[in-house]
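As structure tokens, the structure follows; a few thoughts come after it.
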Amino acid sequence: MLRNLQKSRILSFLNSNPYPWKVLILDKHTQSIISPLLKSKELRDCGITAYFLFSSYRQPIANTPALYFVSNISEISKDVLNSLYFEYNIHCVNSIQRKDLESLALTLSKKCVANQITQVYDQYVDFISLQDDLYTLDIPDSYYLKESREIWKSIVSSMLSIFVTLDSVPYIFSTDETTNTICKMIKDKMANNKLFDNKSHKRSLLIMVNRDYDVFTPIQHVWSYSALMDDLLTLENNKIVINNKTYDLDPSDPLWKDNRNEYFPLVVEKVEAALLEYKKEMALRSIDNKSDKKAITDLLDKTPELAKKNESVNSHITICLEMVDIIKKRNIDEFYRIEKTGYSDEELMTVPKKEQIKIF
């Protein structure tokens, strides 16, 4: 639900510009937010003909409106003063700092170009939705810096975005001094704004637990598809890289959606079955000189669906083969068995030294 709500909020402001076409300017953080949510076709449907990173060098595009979806607006004045675009619509991923807004207005007013900025909005979508039931705040080194007040502020801002998106004031529970402080900051932040519908009776639940309470989970070997994928391969924001090729893990893909938390050996069987089913379907739909018009029409109608299924099956086959190869090299299956069933000294000695460290 959260993923769909965030996607709707983003699509709403992407379509807010009255012009039939525009360019989209992102920073690295907002690119990470949009990437798992929207495909290129969906951006084109919003009239976005191109998108650029704010930090990249960009040529002026005359008579073109630009929609900025960014984390910080302090540098946008340079684009306006350099006349990169015809019109500027600014959407901040969270709340805009008053000092930044005043600085932008003052800088542009001095050059009499402030009227080129036609929209400035706080959007409160500062989190990354990876699945329907999974999100991340995308805060690097958050565990290492968990006592930093700057990290606390980032957590509070992102959690506010989540509950604004849900339009729900949550029940909040915490477990220790650190989480108590963060939860109090969240409550104070919510109390000092008018972002929620007071008539809404929906209440969500936030339970904040210190990572220190569970030190075992991060170091144990895992055996589910998504957890193994994260452990063995480069997985970030629903994208996985194998041999310099990137594969998208689409939350709407049945193979991924239904099996990401399944045990890996079972997933391998299901992927093989999906491949067999695809080959059978292709064989049944093959055409030759004797095929009638209806058979050809049916095949053409099914072509996009079959192409999507083929892409999904081939992607998961590649991923599974790569993971099987790594599992064999590192004896992950043996170590997982040892962790779950116990071990003798002799069995432990058969495990590679770089894996043995996890037993302690």
inquiry  = Condition first: of a type in the set (Ser, Thr, Tyr) and surrounded by fewer than 16 Cβ atoms within 10 Å (Cβ to Cβ). Now tell me which residues in region 14-30 satisfy that.
reply    = 16, 19
inquiry  = Between a residue in region 1-27 that is among the β-branched types (Val, Ile, Thr) and any residue that is part of a strand (DSSP E or B) and buried (at least 19 other Cβ atoms within 10 Å of the Cβ), which pairs come within a Cβ distance under 6 Å, given they are 6 or more apart or on different chains?
reply    = 23/66; 25/66; 25/68
task = Collect the residues in region 215-244 that are in a strand (DSSP E or B), surrounded by fewer than 15 Cβ atoms within 10 Å (Cβ to Cβ) and either in contact with a Cys (Cβ under 7 Å, 6 or more places away or on another chain) or touching a residue at least 60 places away in the same chain (Cβ under 8 Å) (or both), keeping them in residue-number order.
result = 239
message = Of everything in region 115-133, what is assigned to a strand (DSSP E or B) and either among the basic types (Lys, Arg) or touching a helix residue (DSSP H, G or I) at 6+ places or on another chain (Cβ under 9 Å) (or both)? Give them in sequence order.
response = 117, 119, 120, 121, 128, 129, 130, 131
remark   = The helices (runs of 4 or more DSSP H) lying entirely within region 31-114 that contain at least 1 residues which are surrounded by 13 or more Cβ atoms within 10 Å (Cβ to Cβ), within 26 Å of the chain's Cα centre (by Cα) and of a type in the set (D, E, K, R) are 40-45
task = Taking residue 292 as meeting all but one of (1) at pLDDT below 60; (2) surrounded by 14 or more Cβ atoms within 10 Å (Cβ to Cβ), write down the number of the exception.
result = (2)
request  = Check whether at least one residue in region 263-284 is of a type outside the set (A, V, I, L, M) and under 18 Å from the mean Cα position of the chain (by Cα), and report yes or no.
outcome  = no
query = Is there a residue in region 49-71 that is without any contact (Cβ under 8 Å) to a residue 24 or more places away in the chain, assigned by the TED database to the domain that holds residue 19 and of a type in the set (Lys, Arg)?
reply = no
Of all residues making up region 97-132, the number that are closer than 21 Å to residue 79 by Cα, out of contact with any Cys (no Cβ under 9 Å at 6 or more places or on another chain) and among the β-branched types (Val, Ile, Thr) = 4
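So that you can scan it fast, the table gives a plain yes or no per residue for (1) in contact (Cβ under 8 Å) with a residue 40 or more places away in the chain; (2) of a type in the set (D, E, K, R):
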{"residue": "94", "(1), (2)": "yes, no"}
{"residue": "101", "(1), (2)": "no, no"}
{"residue": "111", "(1), (2)": "no, yes"}
{"residue": "135", "(1), (2)": "yes, no"}
{"residue": "150", "(1), (2)": "no, yes"}
{"residue": "173", "(1), (2)": "no, no"}
{"residue": "180", "(1), (2)": "no, no"}
remark   = residue 348 meets each of (1) under 22 Å from residue 231 (Cα atoms); (2) at pLDDT below 80; (3) not in a helix (DSSP H, G or I) with one exception, condition (3)
task = Taking the options 120, 23, name whichever one is within 26 Å of residue 189 (Cα to Cα) and either modelled with pLDDT of 90 or more or in contact with a Ser or Thr (Cβ under 8 Å, 6 or more places away or on another chain) (or both).
result = 120
ask   = of a type outside the set (Val, Ile, Thr), part of a helix (DSSP H, G or I), surrounded by 14 or more Cβ atoms within 10 Å (Cβ to Cβ) and modelled with pLDDT of 90 or more - does that describe any residue in region 134-141?
value = no
query = If you go through region 149-167 one residue at a time, do you hit one that is part of a loop (DSSP other than H, G, I, E, B), in the same structural domain as residue 196 (by the TED database) and not aliphatic (A, V, I, L, M)?
reply = yes
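Does at least one position in region 236-244 carry a residue that is β-branched (Val, Ile, Thr) and closer than 18 Å to residue 340 by Cα? Spell out how you get there, then give the answer.
Going residue by residue through region 236-244, those that are β-branched (Val, Ile, Thr) are 240-242.
Then keep just the ones that are closer than 18 Å to residue 340 by Cα; that gives none.
No, because not a single residue in region 236-244 is β-branched (Val, Ile, Thr) and closer than 18 Å to residue 340 by Cα.
The values are calculated or read from the model by the stated rules, or taken from the named source; none is laboratory data. It should be emphasised that the depicted structure is a prediction, and the values quoted were computed from it without experimental measurement. Quick reminder, even Gly has a Cβ in these numbers, built from the backbone with ideal geometry, and neighbours come from all protein chains shown.
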